[in-house]
1. Could you work out the local net charge near E168, counting Lys and Arg as +1, Asp and Glu as -1, over the other residues with Cβ closer than 12 Å to its Cβ?
2. Take the alpha-carbon positions of the range 101-175, form their convex hull, and give its projected area averaged over all directions (one quarter of the hull surface) in nm².
3. Counting only other residues whose beta carbon sits under 11 Å from that of V155, what net charge do I get with K and R as +1, D and E as -1?
4. Under a point spin-label approximation (7 Å from Cα along Cα-to-Cβ), what is the Q111-D219 distance to one decimal in nm?
5. Could you work out the Rg to Rh ratio of the range 113-231, with Rh taken as the Kirkwood radius (inverse of the mean 1/r over all Cα pairs)?
6. All other residues with a Cβ under 11 Å from the Cβ of P224 taken together, and with Lys, Arg as +1 and Asp, Glu as -1, what is their net charge?
7. Run the numbers for N234 and E140: contour at 0.36 nm per residue of separation, minus the present Cα-Cα distance, in nm.
Amino acid sequence: MRKRITRRKIRLSERNLKNLYTICITCCIIGLSVTVLIRVDKNGLSAVQTDISSAKNSLKDAAAVFSNQENFSEMPDISKIMEETYLGQTEYVFQSNTNPFNDAVLPANSQTVSSFFGFRNDPFTGATAFHSGVDISVDEGTDITAIYDGKVTEVSENDTGGKYIEIEHPNGYISYYGHLSSSEVQIGDDVSKGDVIAKSGNTGVTTGPHLHFELKYNDRAVDPAEFFDVYAKN
Ligand SMILES: [Zn+2]
């Protein structure tokens with residue numbers, strides 16, 4: 001699907017924030033997905049980048065980054081606002097109640113998360129790094145299942161992720177399953193949710209057997225906890 005991308009910088013004022021917010025809501029209502037990123041530096045709000053791409057879901061895709069919570073409090077409550085603060089930067093992400101993985105199943109029969117999505121200290125280098133998925137504790141050889149109907153778009157292997165599988169879903173999301181020991185599907189296979197697609201393992205760079213589970217949308221990693229409560233940080 002071709003994307004229509006609009007990028008522009010605007011000077012941020014409270015009025016502009018409200019205008020941006022209105023654009024988000026409008027696009028969501030008419031079925032466009034909108035991502036609004038507002039860069040924040042030590043001088044405060046500085047620049048805005050908007051990507052308006054062709055039809056996708058609803059507010060789930062309208063992400064906004066603001067530095068000032070007060071601006072937010074004047075805006076109507078949509079459903080949920082996620083907040084993440086790192087190195088003095090605070091990110092707020094709008095979410096709708098629409099869950100594109102409404103009746104999805106877990107990728108493995110385990111609810112133990114050994115590493116959550118987001119910034120963390122890399123277990124090998126100690127440096128701060130962004131963890132783009134959740135690590136789910138499972139013994140080697142555990143069944144890994146497709147979380148949702150879709151098509152297998154990748155069955156491959158690399159040094160860090162080890163053996164991995166990617167599935168593209170009709171809702172536009174891609175699910176990724178890493179550090180596998182073996183795959184039971186091939187590229188091009190159609191899978192249904194709950195189908196066993198692989199056995200978990202310890203391939204690639206790991207500190208022990210686990211499943212690295214990741215969701216991507218428009219080339220951006222999305223926190224699986226948005227859809228699977230069991231993977232949320234307490
Ligand atoms: Zn991981």
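Rule-based calculations on the coordinates, nothing more; no lab input. Owing to the predicted nature of the structure, the values given are computational and were not obtained by experimental measurement. Backbone-built Cβ (ideal geometry, glycine too); neighbour counts: all protein chains shown.
1. Here the count lands on -3.
2. For the range 101-175, averaging the hull's shadow over all directions gives 6.0 nm².
3. It works out to a net charge of -4.
4. If labels sit at Q111 and D219, their model points lie 3.7 nm apart.
5. Ratio of gyration radius to Kirkwood radius for the range 113-231: 0.94.
6. Net of charged neighbours comes to -4.
7. Result for the pair: 31.2 nm of gain on full extension.
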